[in-house]
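Input: a single structure, listed below in structure tokens.
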């Protein structure tokens with residue numbers, strides 16, 4: 001059973017390989033410039049270059065990722081670096097130099113928010129510190145982006161405003177709901193948010209950051225330009241398409257399991273909230289199925305996706321998928337097989353894609369309490385011996401959860 005769970009996950013990754021998803025969505029015209037950023041940027045760009053031949057391009061990747069033989073600018077993720085600033089400045093310069101009849105193909109995937117960083121009104125150091133604080137606070141991706149967009153010269157449609165060219169964007173979605181304004185912080189897409197909403201996020205999580213607050217307050221008073229808004233005339237130069245999403249990943253795994261005679265149900269592709277609460281929901285659903293055969297009859301597999309959050313209070317290491325599995329282990333009354341992983345191959349700072357629960361984990365008799373208190377899910381699964389390591393996968397389609405109820 002453990003092998004079947006791993007095979008389902010790896011099959012889903014192969015079935016949603018960014019090269020293939022991009023290749024079938026490329027426009028018939030040859031672009032004058034290709035911009036590619038994010039965890040899936042290299043295979044997306046390679047698909048375009050294989051179609052169009054030699055084209056001017058700019059590629060920004062996370063540190064250590066395989067550029068597939070292409071020239072790349074490397075930057076850090078999830079916290080921006082000096083490389084992120086240089087990459088963003090280069091992209092803005094390329095866009096500004098284009099004539100009105102030029103065509104840009106933008107290939108955007110998750111991770112772009114950190115990889116392109118052009119701070120507005122704050123220093124790079126302040127932006128880095130604020131990003132780290134937001135990551136540890138448990139803020140959702142939407143809340144994080146509300147702040148980052150209003151402190152940027154490239155996010156929230158400002159890249160589109162920097163050029164006179166026409167832009168066609170292909171997006172690989174790593175966000176629940178596949179909102180194009182959230183993917184890579186929407187450099188070419190309109191942003192309905194406001195400076196006031198960004199300020200409310202800082203208030204909600206008790207984040208001081210006076211330098212950032214002053215910029216947001218100026219914007220709230222109308223003393224700083226807002227982000228690109230829906231209905232702006234510049235949007236006539238933009239077209240776009242989402243080429244891959246979390247639901248595609250889940251459907252690929254579902255099809256794999258059904259071909260092997262297994263029943264598999266997709267619960268949702270957009271679960272969010274605290275990883276521990278999400279685990280509690282899944283545990284209660286499993287126990288209901290076990291006890292009553294409702295709302296599904298066993299045996300079956302449960303699939304879910306989306307993006308959970310972790311509000312870190314201890315000094316441990318892990319990620320949202322490891323935290324989910326650890327809390328699931330704590331809530332369940334009886335053992336089961338389960339896998340949870342980040343499709344990009346790196347679950348937070350753990351160095352692993354995720355992990356598995358197996359009956360053998362219960363046999364070890366590990367106490368989840370101290371690990372949960374310290375937010376040290378990585379140490380728990382190191383002790384359990386069930387970490388799942390894939391390395392960077394070259395894609396980013398959000399979380400993948402698979403539970404076997406038998």
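The values are calculated or read from the model by the stated rules, or taken from the named source; none is laboratory data. Quick caveat, the model's predicted, so the values are computed rather than measured. So basically every Cβ, Gly included, is an ideal-geometry build from the backbone, and we count neighbours across all protein chains shown.
Things worth noting here:
- Filtered residues of region 161-180 (kept if modelled with pLDDT of 95 or more and within 21 Å of residue 127 (Cβ to Cβ)): 161, 162
- From the options 164, 221, 204, 158, residue that is in contact with a helix residue (DSSP H, G or I) (Cβ under 9 Å, 6 or more places away or on another chain) and surrounded by 18 or more Cβ atoms within 10 Å (Cβ to Cβ): 158
- Within region 266-274, one or more residues are farther than 30 Å from residue 158 by Cα and at pLDDT below 95.
- All of 319, 369, 354 fail the test of being closer than 21 Å to residue 11 by Cα and either surrounded by 20 or more Cβ atoms within 10 Å (Cβ to Cβ) or in contact (Cβ under 8 Å) with a residue 24 or more places away in the chain (or both), apart from 354.
- Number of residues in region 18-30 that are in contact with a helix residue (DSSP H, G or I) (Cβ under 7 Å, 6 or more places away or on another chain) and surrounded by fewer than 24 Cβ atoms within 10 Å (Cβ to Cβ) equals 4.
- Verdict on residue 153 being at pLDDT 95 or above, more than 26 Å from residue 26 (Cβ to Cβ) and surrounded by fewer than 24 Cβ atoms within 10 Å (Cβ to Cβ): yes
- Verdict on residue 326 being surrounded by 24 or more Cβ atoms within 10 Å (Cβ to Cβ) and either in a loop (DSSP other than H, G, I, E, B) or free of Cβ contacts under 8 Å to residues at least 60 places away in the same chain (or both): yes
- Filter pass, residue 308 being farther than 23 Å from residue 365 by Cα, crowded, with 18+ Cβ neighbours inside 10 Å and touching a helix residue (DSSP H, G or I) at 6+ places or on another chain (Cβ under 6 Å): yes
- Subset of region 254-293 that is under 19 Å from the mean Cα position of the chain (by Cα) and farther than 29 Å from residue 374 by Cβ - its residue that is surrounded by the most Cβ atoms within 10 Å (Cβ to Cβ): 269
- Look at (1) assigned by TED's automatic domain parsing to the domain that holds residue 185; (2) surrounded by 15 or more Cβ atoms within 10 Å (Cβ to Cβ); (3) assigned to a helix (DSSP H, G or I) and you find that residue 93 fails only one, number (2).
- The strands (runs of 3 or more DSSP E) found entirely in region 17-87 that carry 3 or more residues being under 29 Å from residue 252 (Cα atoms) are 33-37, 57-62.
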